[in-house]
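Reviewing the structure listed below.
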Amino acid sequence: MGRLLLRALFVVALPLVLVAVWWAASAGSTDPFWPPLRTILDTFPDVWTADRLRTDVVPSLLRLLAGYALAAVVGVALGTVIGSYRSVRAVCEPVLEFLRAVPPPVLVPVIMLFAGIGDTMKIVVIASGCVWPILLNTVEGVRAVDSVMLETARSYGVTGVARLRHLVLPSAGPQIFAGLRQALSIGIILMVISEMFAANNGIGFTVVQFQRSFAVPDMWTGILVLGLLGFLLSVVFQLVERRVLGWYHGLRATTRRS
């Protein structure tokens with residue numbers, strides 16, 4: 001129990017310190033673009049009502065989850081194939097290096113030409129940026145599967161889908177989840193950028209509208225919403241990771257104790 005309380009203290013300590021510093025540094029501010037934190041917090045409940053959460057936050061979250069899920073499926077599937085076959089990797093590697101070097105925000109105008117300005121464009125933009133860390137980490141994770149275990153599985157006749165399900169993907173799991181974690185933060189950034197380009201709702205759209213109308217405290221509340229959303233998604237991701245990779249974290253804990 002004491003250890004859990006100590007961990008909880010470490011988790012909240014730095015955020016509380018940062019909030020206290022922000023509060024003190026902005027307390028006497030008269031700059032219209034840098035309002036006091038008290039003003040921002042007082043404005044928050046008036047701006048982010050239940051109706052605005054439904055019309056702006058929920059659509060943004062659905063686009064993020066759709067693009068992220070699409071990137072996860074494509075990244076893991078392609079990464080498994082590329083990582084499993086050396087010849088495929090030799091052919092694809094130059095193209096992958098070229099494509100991943102292109103910043104995803106640059107592709108927004110191009111994607112708009114083909115996908116329009118609706119939700120499809122935003123989902124494709126999110127997926128186009130999230131797929132690379134997932135794909136590349138999957139490739140490295142599959143390549144790092146123990147060759148002895150692969151030979152043992154082959155000797156016992158464990159091949160095809162069974163080998164993929166029971167050996168390759170579990171062994172590459174920690175690396176895959178590392179890519180999924182990186183992709184989550186990228187997805188949030190691209191969600192906001194895509195909504196700033198062309199949208200009629202969403203968090204990014206709302207923040208831009210506040211900025212254009214010089215509603216600066218309202219704009220800052222939108223930034224706080226994005227931060228809270230990122231934090232909550234990170235917590236959910238950690239819970240899922242702990243459950244899926246329970247064997248891996250248990251093994252690491254046993255190794256530390258020994």
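The values are calculated or read from the model by the stated rules, or taken from the named source; none is laboratory data. Computed from a predicted structure; not experimentally measured. Virtual Cβ from ideal backbone geometry, glycine too; neighbours counted across all protein chains shown. Remember, those area values only see protein heavy atoms, side chains included, never the ligands or the DNA or RNA. Shrake-Rupley method; radii C 1.70, N 1.55, O 1.52, S 1.80 Å.
Within region 50-90, the residues that satisfy the criterion of being surrounded by 12 or more Cβ atoms within 10 Å (Cβ to Cβ) and among the polar types (S, T, N, Q) are THR55, SER60, THR80, SER84.
Considered as a group, the residues in region 193-209 that are in contact (Cβ under 8 Å) with a residue 40 or more places away in the chain and open to solvent by 20 Å² or more (accessible area, probe 1.4 Å) include one that is farthest from LEU61 (Cα to Cα), and that residue is PHE197. Would you please list the contacts, defined by Cβ atoms under 8 Å and residues six or more apart or on different chains, that run from a residue in region 50-68 that is of a type in the set (Lys, Arg) to a residue that is surrounded by fewer than 23 Cβ atoms within 10 Å (Cβ to Cβ) and part of a helix (DSSP H, G or I)? The qualifying pairs are ARG63/ASP119. Screening the candidates THR30, THR39 for the property of being at pLDDT 75 or above and either surrounded by fewer than 12 Cβ atoms within 10 Å (Cβ to Cβ) or among the aliphatic types (A, V, I, L, M) (or both) yields one hit, THR30. For TRP220, the conditions (1) closer than 22 Å to ASP119 by Cβ; (2) open to solvent by 40 Å² or more (accessible area, probe 1.4 Å); (3) in contact with a helix residue (DSSP H, G or I) (Cβ under 6 Å, 6 or more places away or on another chain) are fulfilled apart from (1). Restricting region 91-102 to residues that are of a type outside the set (Val, Ile, Thr) and open to solvent by less than 70 Å² (accessible area, probe 1.4 Å), the residue that is modelled with the highest pLDDT is CYS92.
Number of residues in region 155-192 that are crowded, with 22+ Cβ neighbours inside 10 Å and among the charged types (D, E, K, R): the value is 0.
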